[in-house]
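The values are calculated or read from the model by the stated rules, or taken from the named source; none is laboratory data. None of these values were measured; they are calculated from a predicted model. Counting neighbours? That spans all protein chains shown, and the Cβs are built from the backbone with ideal geometry, glycine included. What goes into the accessible areas is simple: the full protein's heavy atoms, side chains included, and nothing from ligands, DNA or RNA. Shrake-Rupley method; radii C 1.70, N 1.55, O 1.52, S 1.80 Å.
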Amino acid sequence: MSYAQKLACTILLVLAVAFSVGGSVLLYGNFDDMLSAAAHQNGAQHAILCYTLESNIIGQRRVGGVVDDLYLTQLAELLDTVTTQNEMCFALYSTAGQSASVNSSMPPNVHERALTLEDQQSVYVRENASVYAVYKTTLSDSVALASAFDVTQIFAARGRAMQRFLALEAVVLVCAALAAAWLSRWLTRPLLKLTAASRSIAGGAYTQRTRIAGHDEVAALSQSFDTMAEAVESRVHELEDSLRRRDDFMGALSHELKTPMTAIIGYADTLRVMQCEPEQQRAAAAYIYAEAGRVERLSQKLLQLLRLSEEPLVLADVSLKRPLAAIARAMRPLSGDVVLEVEPCSLTVRADEDLLTDLLYNLVHNAVKACEGQGIVRVMCHANEQRLTVTVSDTGKGIPPQELSHVLEPFYRVDKARARRDGGSGLGLALCSKIAQVHGTELVLDSDGAQGTRVSFTLCLAVPSAECAPDARGTDLQEEAMQ
Amino acid sequence: MTRIIIVEDEQAIAELIAMSLTRAGYECKVANDGLTAADILEEETFDLALLDIMLPGADGYELLEYLLPTQTPVIFITAKGSVQERVKGLKLGADDYIVKPFDVQELIARTESVLRRTGRGGMQLSAWDVTLDVTAKRAMQNGTPVPLTPLEFELLELLLRNRGAALYRDVLYERIWGGEMEDTRTLDLHIQRLRKKLDWQEKIETVYKVGYRLKGE
């Protein structure tokens, strides 16, 4: 049964009950009123008759008469004349015997019942289709008068009223049913709208909204439904994005692995199949070695990336002195003619020393490679309130502005040919970005495409009881596909 | 001689392919990026082009467009192996598509298949007085057909393809009979028979501790 139908039925039920109860109360109340009015009147009349009889009997007594059956018959005749205009009948009894004078119009049933009545009692007696109100009073000298009044009209009136009422109720209920049906369908229409909307959203139409106007609960429901739909839509987009990034990453990764594998397998197979000249053997072995090295570097970086995603970071108070010194030392044999200036700094930051060293090493190494044999690479530290900003700058080949936002993506290379020659894994900057991210900061790149690059990040200074978020900006720009 | 151009920016792979194809009897030219390849293609014609798709300069698809009007057959070699990439490559007009990492033998087989199909160099291998028609599996010596069993034919073909190189025993066995070599005599017997049928006792050389070699030019 639908909600609209339930609503209509409920309205109808309430209406029917109210109507019936109200109507009954009204009808019966009315009936009671009429009956008591009649009873009042009849009672009064009966009293008058009693009084008349009483007066006569007393008069009779006074003149020394006898109250016998004969006298009673006379009295009856007297009463007859009085009552013929009214719709009533009576019976006179002498209590000595049950014989009495009975008015001709008194029905037998009523008469029987009247006999059994006590003094001052009144009762309603049904005789065929008529109803009589019977009163009985005992007068002096054991004379009793019973009067019966025809009150059928009142009962009949009640019957008619009841019929009229029922007919009216039927008509009213039918009209009410129609009105209720229409009304409840109109009221529950928003619900259908909500149902349709939720179904289509479940089917994938995430932009669907209900937008029901108004200020009532249904409108409120519509608004919160729309808010929910909004949330679902953006979450779906997020997930799709995340999935796409993961797919891209996997695609790039498998390409990066397949290429060296092809060379390794190819050359190894050649060596296996035939006896080669020493120079050929050497060349083949050299290729195998170089490509295997590439795979090794790649897998190392990959593992690092994975580990960063899984293990929670343990921060400690790390002085920059050691990492900076380590880098300067490590880069010396590699830098060639490139000038490396590392600004000495002994400030302490909240970081993981090994990761920080890795990060700095990678950035400095990249900077040196970008210089392509000549230029200057600088590492600078700048403290500001509770934060320390580290910047690695180079005067080498910059990054074109349009590539700037892509450079931190895994396997992205600006200059593919050069990257191949260098044997780079393509994950260097992605790893740096991840390290920055787990420290709660991010890499900020600045390059104008021709005059060098500056990469910087911010860390919290290790100040006791300091609450510090190293970089207020969100990290969702650099979200890794591996997550 | 059938000329093949190899366009691949990974030096190691480019050299590997060139080495294998040269040994198989083709003349190869290598280009490491799209622009160099385009220049070469302008000057020279080839019987087949092996193209990588992801190249610096012009990419594989662009080179394909350039090559289509010249009726040069093209095989794409690339790591982009998804179905849609392959379909795309083939729909654009490539004759075949091979995905990295590949078995060099497979590459050679596909190369020959394409050459055969496009009617360039229906594969014929020859040395001295013997010519092999690889497609028809027929051997001719001085114009007369030589009756060879299928295994003998394959063995001869393998030796011809790797002319001048000493092939290891177990590899010879693996390539022709499949599986591990258990008994060395099958191979030796077949070599003996070949020598006898072709009268090539000197030409098919035994290489000590290695296997056999067909004497080079």
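Phi angles across segment A:331-342 convert, under the Karplus curve 6.51 cos²θ - 1.76 cosθ + 1.60 with θ = phi - 60°, into 3J(HN,Hα) values of 7, 3, x, 8, 7, x, 8, 6, 7, 10, 10, 10 Hz, Gly and Pro given as x. Phi-derived couplings, Karplus 6.51 cos²θ - 1.76 cosθ + 1.60 at θ = phi - 60°, listed residue by residue for segment A:448-454: 9, x, 9, 10, x, 9, 10 Hz, with x used for Gly and Pro.
What is the antiparallel percent of DSSP beta bridges lying wholly in chain A, to the nearest 5? Around 95 percent antiparallel, to the nearest 5. Once backbone amide H atoms are built at 1.01 Å from N, A:Val377 has A:Val339, A:Leu340, A:Glu341 as its partners under 5 Å, excluding neighbours fewer than 5 places away on the same chain.
Which value, in Å² and to the nearest 10, is the accessible area of B:Thr2 when all protein chains are kept and the probe is 1.4 Å? Accessible area, nearest 10 Å²: 20 Å². Cross-link partners of B:Lys91 among aspartates and glutamates, defined as those whose alpha carbon lies under 17 angstrom from its own and excluding same-chain residues fewer than eight positions apart: B:Asp52, B:Asp59, B:Glu62, B:Glu65. When the C-alpha to C-alpha distance is required to be over 23 Å, the pairs from B:Lys29/B:Lys203; A:Lys301/A:Lys434; B:Lys88/B:Lys137; A:Lys258/B:Lys209; A:Lys434/B:Lys80; A:Lys321/A:Lys397 that qualify are B:Lys29/B:Lys203; B:Lys88/B:Lys137; A:Lys258/B:Lys209; A:Lys434/B:Lys80; A:Lys321/A:Lys397. Residue by residue along B:10-20, Cβ atoms of other protein chains within 10 Å of the local Cβ number 6 on average. Phi angles across segment A:169-178 convert, under the Karplus curve 6.51 cos²θ - 1.76 cosθ + 1.60 with θ = phi - 60°, into 3J(HN,Hα) values of 4, 4, 4, 4, 5, 4, 4, 4, 4, 4 Hz, Gly and Pro given as x. Solvent-accessible surface (1.4 Å probe) assigned to A:Asp269 amounts to roughly 40 Å².
Once the Cβ-Cβ distance of B:Thr118 and B:Gln84 is raised to the sixth power relative to R0 = 22 Å, the FRET efficiency obtained is 0.30. Highest mean first, the peptides A:19-26, A:187-194, A:366-373 sorted by other C-beta atoms within 10 Å per residue fall in the order A:366-373, A:187-194, A:19-26. Across segment A:208-299, C-alpha contacts under 8 Å between residues 6 or more apart give a mean separation that, scaled by the residue count, equals a relative contact order of 21 percent. Per residue of the protein assembly as shown, the DSSP helices (runs of n ≥ 4 H) give a summed -39500 (n - 2.57) that works out to -18000 deg cm²/dmol at 222 nm. Structure remark: mean-square fluctuation, Gaussian network model of chain B, C-alpha springs under 10 Å; the largest value among B:Leu155, B:Leu67, B:Leu189 belongs to B:Leu189.
Summarising the strand pairing of chain B, around 50 percent of its internal DSSP beta bridges are antiparallel. In terms of the mean number of neighbouring beta-carbon atoms within 10 Å, the peptides A:235-241, B:192-198 order highest first as B:192-198, A:235-241. When its C-alpha radius of gyration is set against 2.2 N^0.38 Å (N residues), the protein assembly as shown gives a value of 2.16.
One chain, two ends: A:Leu239 and A:Cys175. Fully extended at 0.36 nm per residue, the span grows by 17.6 nm beyond their Cα-Cα distance.
Each label was represented as a point 7 Å from its Cα along the Cα-to-Cβ direction; for B:Asp103 and A:Glu296 these points are 2.9 nm apart.
Taking the Cβ-Cβ separation of A:Glu217 and A:Asn384 as r and a Förster radius of 60 Å, what is the calculated FRET efficiency to the nearest 0.05? With a Förster radius of 60 Å, E is 0.70. Reported to the nearest whole Å, the Cα centre-to-centre distance from segment B:42-75 to segment B:121-178 is 31.
Divide the volume of the convex hull around the Cα atoms of chain B by the residue count and you get 135 Å³ per residue.
Take every pair of alpha-carbon atoms less than 8 Å apart whose residues are at least six positions apart; their mean separation over the length of segment A:1-155 yields a relative contact order of 20 percent. Inter-chain neighbour count for A:276-287: the average number of beta-carbon atoms from partner chains within 10 Å of each residue's beta-carbon is 2. Seen against the Cα atoms of chain A and their longest principal axis, helix A:3-62 is set at about 20 degrees.
In percent, rounded to a whole number, the relative contact order of chain A is 10, using alpha-carbon pairs under 8 Å and six or more apart.
Measuring only protein heavy atoms, the 1.4 Å probe finds A:Met250 accessible over about 100 Å². Taking the centroid of alpha carbons for each part, segment A:283-315 and segment A:1-77 are 110 Å apart.
Using a simple spin-label model with pseudo-atoms 7 Å out from Cα toward Cβ, A:Thr81 and A:Leu334 lie 14.8 nm apart. For the set B:Leu90, A:Leu178, solvent exposure ranked by accessible area (probe 1.4 Å, protein chains only) runs largest to smallest as A:Leu178, B:Leu90.
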